[in-house]
1. Which net charge results when you count Lys and Arg as +1 and Asp and Glu as -1 among the other residues whose beta-carbon is under 14 Å from that of residue 223?
2. What 222 nm value per residue comes from the helices of the chain, counting each DSSP H run with n ≥ 4 as -39,500 (n - 2.57) and dividing by all residues, nearest 500 deg cm²/dmol?
3. If you plug each phi of the stretch 199-210 into the Karplus form 6.51 cos²θ - 1.76 cosθ + 1.60 with θ = phi - 60°, what whole-Hz ³J(HN,Hα) values come out, in order, with x for Gly and Pro?
4. How far is helix 138-151 tilted, in degrees, relative to the longest principal axis of the Cα atoms in the chain, given as a value from 0 to 90 rounded to the nearest 10?
5. Counting Lys and Arg as +1 and Asp and Glu as -1, what is the net charge of the other residues whose Cβ lies under 13 Å from the Cβ of residue 248?
6. Report, to the nearest 10°, how far helix 185-197 tilts away from the longest principal axis of the Cα atoms in the chain, using its own Cα long axis and a range of 0 to 90°.
7. Taking the highest mean first, how do the peptides 92-99, 217-224, 140-147 order by number of other beta carbon atoms within 10 angstrom per residue?
8. With no solvent and one point per C-alpha, what does the Debye sum give as log10 I(q)/I(0) for the stretch 8-135 at q = 0.10, 0.14, 0.15 Å⁻¹?
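Values in this text are rule-based calculations from the coordinates and carry no lab data. Worth saying up front: this structure is predicted, and the values here are computed from it rather than measured. We place every Cβ from the backbone using ideal geometry, glycine too, and count neighbours over all the protein chains shown.
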Amino acid sequence: MLYFCIATHALAQENLPPSFETKIAAGVQALKSGDLNSAEQVFTDALRQGIKHPLLYHNLGVIAQLRSKHPDAVTRFRQALALQPNYGPSRLLLGSSLLALRKNAEAVRELKRAVALLPEEPQAHLQLAKAYKVSDNWIAAVQEYQKLVQLAPQEPEYSYQLGTAWAKLSGWSYGQLTGINPDSARVHQALGQEYVIQEKYDLAIAAYRQAARSDPTLPEIHLAMALIWLELKKFDDALGEVQLELKLVPESKAALDARARIEAAIAASTP
């Protein structure tokens with residue numbers, strides 16, 4: 001989290017009086033070291049002496065957030081933003097505290113602004129993704145996790161969260177389709193995919209067959225069955241399904257590759 005992200009451009013735009021710079025620097029160091037009481041004393045003393053600066057309000061918001069006093073944090077971050085509306089770290093932490101308070105719509109609004117101000121900051125995308133998740137906006141959540149993976153491909157947690165979000169999106173989409181037309185081919189296809197993930201291959205085949213009956217022209221259904229049969233080493237069934245797929249989409253690279261794999265498996269199994 002950007003607790004200690006004190007941007008130099010904030011100071012450049014509205015400089016502190018020289019007599020306070022040393023004291024404020026000491027407060028920042030106390031905050032970084034975890035001495036919240038000392039840091040709070042420095043910043044509140046400056047306010048009492050009439051110094052109105054976004055850095056003071058921001059750091060008091062950080063202190064409140066570290067103490068899980070999110071209503072106080074929201075107040076302080078808003079005071080900082082009233083003086084400097086485009087200060088990204090205050091937007092980010094404001095959104096984070098609003099999220100902790102379950103004010104999800106407000107959190108999304110502030111975090112979207114934070115992402116616009118801090119497009120390369122992973123925490124901004126992470127907090128926005130969390131806000132979308134609790135709002136059941138799985139399409140937007142997936143998009144934010146995709147950006148996270150692009151920004152930090154070395155971070156396995158982001159890839160894991162992306163996979164989880166994709167699964168949730170799939171479930172949400174399945175629910176939407178079921179509500180519209182419970183017997184649609186796409187519903188049965190989605191159900192088959194879920195059974196494959198669970199390694200319930202008999203149920204997956206049954207779901208895919210129902211999808212094919214509901215829409216005989218839908219690609220990918222016969223290919224999915226071919227790959228299951230290949231996994232189960234039922235090569236004749238696999239070859240039959242992939243041929244049906246190729247009748248629908250003769251140029252399908254996935255189907256052509258699957259046929260080559262099946263034919264190679266048949267050759268390898270022949271004495």
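1. Here the charged neighbours net out to -2.
2. -25000 deg cm²/dmol
3. 6, 9, 6, 4, 5, 5, 4, 4, 5, 5, 5, 5
4. Rounded to the nearest ten degrees, it is 70.
5. With Lys, Arg at +1 and Asp, Glu at -1, the neighbours total -4.
6. 80
7. Most protected by this proxy first, the peptides run 92-99, 140-147, 217-224.
8. With no solvent term, the Cα-only Debye profile gives -0.31, -0.60, -0.68.
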